[in-house]
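Asks: Questions regarding the structure given below will be posed in turn.
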Amino acid sequence: LRNFNLFRLESTYEIREDIQEAVPHLHSYIGKEGETAFRGWSRMAVPIKEFKITELKQPNIGEVKPASLTATVTYSISSYPAKMKAEWDSLKEHDVLFLLSIRPLFEPLSEEEAEKATVPEKLGLLYVRGCEVIEVADEEGVLMNDFTGRIKRDEWKPPKGNVRTVTVSMDTAQYHMDVSDAAAKGGEDVYSTFNVLVRRKPKENNFKA
C-alpha cells in the first residue's frame, strides 16, 4: 500500500507538472460576454467545445455513488499542425485524460501578486477531474482506434474533419462528492464548467483517474 501511495503522490505531482506546462500556452482570457476564451494553442491541451453527461447509472444496492458515469467531450484539432493532429488522433480506449475548468482573472496579476500566487491562481484553474477514454469518433461519428472488432481492418478509413468526440468514463465517487458538495453549499455544478481537455504522453499515461 505504501508503494501505491508513493506512486500515486508521484503521479499526482507529474500530472500537476503536465497541467502547469500545457495550460499557459492556451493564453486564456475573459471574452466580451464574460466567458473564458483562448487565443493560443497547446500540444497537450485543447479547448472543449462541448461536455455532456450521457449516462448516469443508478447506484448499486447499498451504495450512494452512481454505478457508472459516462460523458462525451467534443473538441477541434483544426489549429494543429499535422503531427500534433496525429498525436490527438492516436487517443484510444483506457487512455487517461483530464478535464479542467479554467477561469482567468480579469486583470493580470502584478509581479508581486504573481510571486505569492499559487499555481491554480496563476492559471485560473478551478477544477481538475480525471476520465478514461471509452472510444473516440471523428466529425461524422465514425469510431477511431477501435480494437473491439466493431470496425474491420479492411473497412478502416482516415478520420474525417477536425472535430472529435471522445466518450469517457468518470470517477463516480468523485461525482457524488461534487454533487453533494454543490447541493449542501449552493455551489456551482463542476461538470458544467469544463473547458479544457489535457492529454498526457502515452508512456506517462498509466495512472488511472
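No lab work stands behind these numbers, since they all come straight from the coordinates. Treat the numbers as computed from the prediction; the structure is a model and nothing was measured. A quick note on method: Cβ atoms are made from the backbone with ideal geometry, for glycine too, and the neighbour counts reach across all protein chains shown.
Asks: Provide 90, 78 in ascending order of the number of other Cβ atoms located within 10 Å of each residue's Cβ, fewest first.
Replies: 78, 90
Asks: Lysines within cross-link reach of residue 32: Cα-Cα under 23 Å, excluding same-chain residues under 8 positions apart?
Replies: Within the straight-line cut-off, residue 32 pairs with 49, 122.
Asks: Please find the FRET efficiency linking residue 33 to residue 74, where r is the Cβ-Cβ separation and R0 is fixed at 25 Å, and quote it to the nearest 0.05.
Replies: Working from the Cβ atoms, E equals 0.80.
Asks: So for the pair residue 112, residue 64, with labels modelled 7 Å out along Cα→Cβ, what separation do we get in nm?
Replies: 4.5 nm
Asks: Taking loop as defined by DSSP and a crowding limit of 14 other beta carbons within 10 Å, which GluC sites (Glu not before Pro) in segment 83-144 fit?
Replies: 93, 139, 140
Asks: Let me ask something additional. Please give every one of the lysines within straight-line cross-link reach of residue 185, meaning a C-alpha to C-alpha distance under 25 Å, and leave out same-chain neighbours fewer than 8 residues apart.
Replies: 52, 57, 65
Asks: Right, something else. If the cut-off is a Cα-Cα distance under 19 Å, which lysines reach residue 201, setting aside same-chain residues fewer than 8 apart in sequence?
Replies: Candidates past the 8-residue exclusion: 83, 85, 92.
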